[in-house]
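Below is one structure; the comments refer to it alone.
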Amino acid sequence: MIFRYLFSLALLSVASAQQPPSGYVLGPDDQIAIRALEGLDLGDKPVLIGTNGNITLPLIGRVKAAGLTVEQLETELTSRLKTYVQEPQISVTVTEFRSQPVSVFGAVTTPGVVQLRGRKTLYEVLSMAGGPRETAGSTVSIVRLQENGPIPLPGAAPDPTGRFSTADIDMQQILDGKNPAANIEIMPHDVISVSQGNGRTVYVVGDVQRAGSFNLGGQRTISVLSALSMAGGLGHTAKPEQAKVFRPVDGQNHQEIAVNIKQILAGKSEDIALRPDDVLVVPTSSRRVFTVLVSGTLAGAVSAAIYAGAVVH
């Protein structure tokens, strides 16, 4: 009796050490450990669920494990073993999760195959792949086997073969959480692809620490303060109250937008959203030479704006 009690405690300890997510459904290629007080002499040898979803055990024989939760398989094995053991005690734990792969490709930190291990949302799966890189674009594409049902997103459609459902979604909707319906549940064997940035950049020039072009990643816009932060902040001789944004219009002309960064920093003015190809110009009070970065007709206007507050000696 004492031995049975201690063994029961051991079963609980093992189960808690590798407890699968609630409701985890076993599938082909999952590896499990089965421990029983009597009737099954498996030792510590793991059991692999075959591609047909079956496992084969001493005394019990063949059992369909795929499609059952861990708890359901324990119940099934206990029922089968009662033919040979009066009060069977069985514990099933998952030692390796292999049956719910999802492929994540494109502009993520660690592209490859991840295992769902239960129910996961699109945001959670992207996080498992390290999240989108800074060079990521604005689109996430999802491909799903038709047998797993349609993708619950607007615009989802079957591919030409009829075997898959495909859909595209705006990355920003996932990252900012403003559209919870877009953060769909991901299914086993889904393929997720994060697009590259394709040159979606803004420019920060003038009296800043690190002038340059900065990728918007998955965002459609970026605030002036965020862009300024990417550029390392203001220079010592900057004139932030005279800043400007140069916004290209129809490929030939540009719009000038006055931006008082000093008031934005003080919370007295609203920040401004920069769009792809916008140029944020921070004027200087010095005569230092700053790189303009842009070319064409816009270069002259940007250069003039940089030195608009310069002190002439």
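The values are calculated or read from the model by the stated rules, or taken from the named source; none is laboratory data. Just so we're clear, the structure is a prediction, and the values are computed from it rather than from any experiment. Backbone-built Cβ (ideal geometry, glycine too); neighbour counts: all protein chains shown.
Sort out which residues of segment 158-171 are aliphatic (A, V, I, L, M) and part of a strand (DSSP E or B), and write them in order of number. Of everything in segment 158-171, those that are aliphatic (A, V, I, L, M) and part of a strand (DSSP E or B) turn out to be Ala167, Ile169. Scanning segment 159-191 for residues that are of a type outside the set (Gly, Ala, Ser), surrounded by fewer than 12 Cβ atoms within 10 Å (Cβ to Cβ) and modelled with pLDDT of 90 or more turns up just one, Pro180. Looking for something in a strand (DSSP E or B) and surrounded by fewer than 20 Cβ atoms within 10 Å (Cβ to Cβ) - is there at least one such residue anywhere in segment 285-301? Scanning segment 285-301 turns up no residue that is in a strand (DSSP E or B) and surrounded by fewer than 20 Cβ atoms within 10 Å (Cβ to Cβ). From the list Lys45, Lys64, the one residue that fits, being among the basic types (Lys, Arg), at pLDDT below 95 and out of contact with any helix residue (DSSP H, G or I) (no Cβ under 8 Å at 6 or more places or on another chain), is Lys45. Here is the figure for segment 241-277: residues that are in a strand (DSSP E or B) and within 21 Å of Gly300 (Cα to Cα) total 15. In segment 24-38, of all residues being outside any loop (DSSP other than H, G, I, E, B) and either in contact with an Asp or Glu (Cβ under 8 Å, 6 or more places away or on another chain) or basic (Lys, Arg) (or both), the one that is farthest from Asn52 (Cα to Cα) corresponds to Arg35. Yes or no: segment 192-208 includes at least one residue that is assigned by TED's automatic domain parsing to the domain that holds Pro111 and farther than 30 Å from Asp277 by Cα. No: segment 192-208 contains no residue that is assigned by TED's automatic domain parsing to the domain that holds Pro111 and farther than 30 Å from Asp277 by Cα.
Here Val114 fulfils each of the conditions (1) among the hydrophobic types (A, V, I, L, M, F, W, C); (2) buried (at least 19 other Cβ atoms within 10 Å of the Cβ); (3) in contact (Cβ under 8 Å) with a residue 40 or more places away in the chain apart from (3). Applying the criterion of at least 1 residues that are more than 34 Å from the chain's Cα centre (by Cα) and not β-branched (Val, Ile, Thr) to the strands (runs of 3 or more DSSP E) found wholly in segment 55-115 leaves 61-64, 90-96.
Being within 16 Å of Leu37 (Cα to Cα) and not hydroxyl-bearing (Ser, Thr, Tyr) is the filter here; which residues of segment 77-102 pass it? Result: Leu77, Arg80, Leu81, Lys82, Val85, Gln86, Glu87, Pro88, Gln89, Ile90, Val92. For segment 135-157, the candidate set comprises residues that are touching a Leu at 6+ places or on another chain (Cβ under 9 Å) and either of a type outside the set (Gly, Ala, Ser) or in a loop (DSSP other than H, G, I, E, B) (or both); within that set, the residue that is surrounded by the fewest Cβ atoms within 10 Å (Cβ to Cβ) is Ile142.
Considering segment 232-254, the residues that are of a type in the set (Gly, Ala, Ser) and touching a residue at least 40 places away in the same chain (Cβ under 8 Å) include one that is surrounded by the most Cβ atoms within 10 Å (Cβ to Cβ), namely Ala243. Just one of the listed residues (Val202, Val208, Val194) is buried (at least 18 other Cβ atoms within 10 Å of the Cβ) and either out of contact with any Pro (no Cβ under 9 Å at 6 or more places or on another chain) or not β-branched (Val, Ile, Thr) (or both), and it is Val208. Of all residues assigned to segment 43-54, none qualifies as being assigned by TED's automatic domain parsing to the domain that holds Gly23, part of a helix (DSSP H, G or I) and touching a Leu at 6+ places or on another chain (Cβ under 9 Å). Filtered by the rule that a residue be small (Gly, Ala, Ser), closer than 24 Å to Asp30 by Cβ and surrounded by fewer than 19 Cβ atoms within 10 Å (Cβ to Cβ), segment 117-134 gives Gly118, Ser127.
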